Ligand SMILES: *Cc1c(COP(=O)(O)O)cnc(C)c1O
């Protein structure tokens, strides 16, 4: 992988022993999608781990992670940004976030359209926030064998990044992240300019979800 691409090891559902094993090989950045699970792992594991929230985040759960989370990949509304800002203010932090975009064909996937993101970035409410910083964009491609479809979706996310960069973040060096690529498609994502890949099952093996 090119050196400028960071690997987020997605450890959701995996026990602390599995994370410790990866830590011992030098991995320091881990991604989780459930706030309480992430907070429990944070408490148990070494404090030089960078924790990234990659899953949908409900406002009421922001409080569990706000004191330590390094990057929230999945911001998809102004209301969530405002909530993160309020909680971050309480712990005197500025928390880095990515805007999540809907680039897949599947309707079920979450994320903003470019128009929705622009509405947020042009609003007075956004301009008033002082405890969040948007450092880039994130997207999840369609789950498909059609490699060209996946490539088009990542290329589209890169285009969105470029539009936002030039219109709203031209002078902001920190706006530089393109979080795209998972186990099945990270090679395409890197070819399309990814700066962060979120890889779970290729590192930790398949996830087993408990039936509830
Ligand atoms: C689970 C998950 C990943 C990792 O998926 P793998 O296919 O196991 O690599 C990446 N990104 C998000 C948002 C996820 O929820």
For 167, 14, order by how many other beta-carbon atoms lie within 10 Å, fewest first: 167, 14
With labels modelled as points extended 7 Å from the Cα through the Cβ direction, what inter-label distance (nm, one decimal) is found for residue 207 paired with residue 90? 2.7
Please arrange 158, 73 by how many other C-beta atoms lie within 10 Å of their C-beta, fewest to most. 158, 73
Cα centroid separation, segment 58-72 to segment 135-155 (Å): 26
Would you mind ranking 10, 16, 29, 62 by Cβ crowding within 10 Å, fewest neighbours first? 16, 29, 62, 10
At residue 18 and residue 114, where each label point lies 7 Å from the Cα along Cα→Cβ, what is the point-to-point distance in nanometres? 3.8
Helical mean residue ellipticity (222 nm; -39500 (n - 2.57) per DSSP H run of 4+; nearest 500) of the chain: -11000 deg cm²/dmol
Residues of segment 1-42 with amide N under 18 Å of the 7 Å Cα→Cβ point at residue 183: 7-23, 30-34
Fully extended, how many nm does the chain gain between residue 191 and residue 45 (0.36 nm per residue separation, minus their Cα-Cα distance)? 49.2 nm
From the Cα gyration tensor of segment 6-204, with a ≥ b ≥ c the square roots of its eigenvalues, which class applies: rounded if a/c is under 1.5, or else prolate if a/b is larger than b/c, or else oblate? oblate
Per 0.36 nm of contour for each residue apart, how much would the distance between residue 146 and residue 128 grow if the chain were fully extended, relative to their Cα-Cα spacing? 2.2 nm
Give the calculated FRET efficiency between residue 36 and residue 77 to the nearest 0.05, with a Förster radius of 25 Å applied to their Cβ-Cβ distance. 0.75
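The numbers here are math on the coordinates, done by the rules we state, and not lab data. As the structure is a prediction and not an experimental result, all values here were calculated from the model. Cβ: placed from backbone, ideal geometry, glycine included. Neighbour counts: every protein chain shown.
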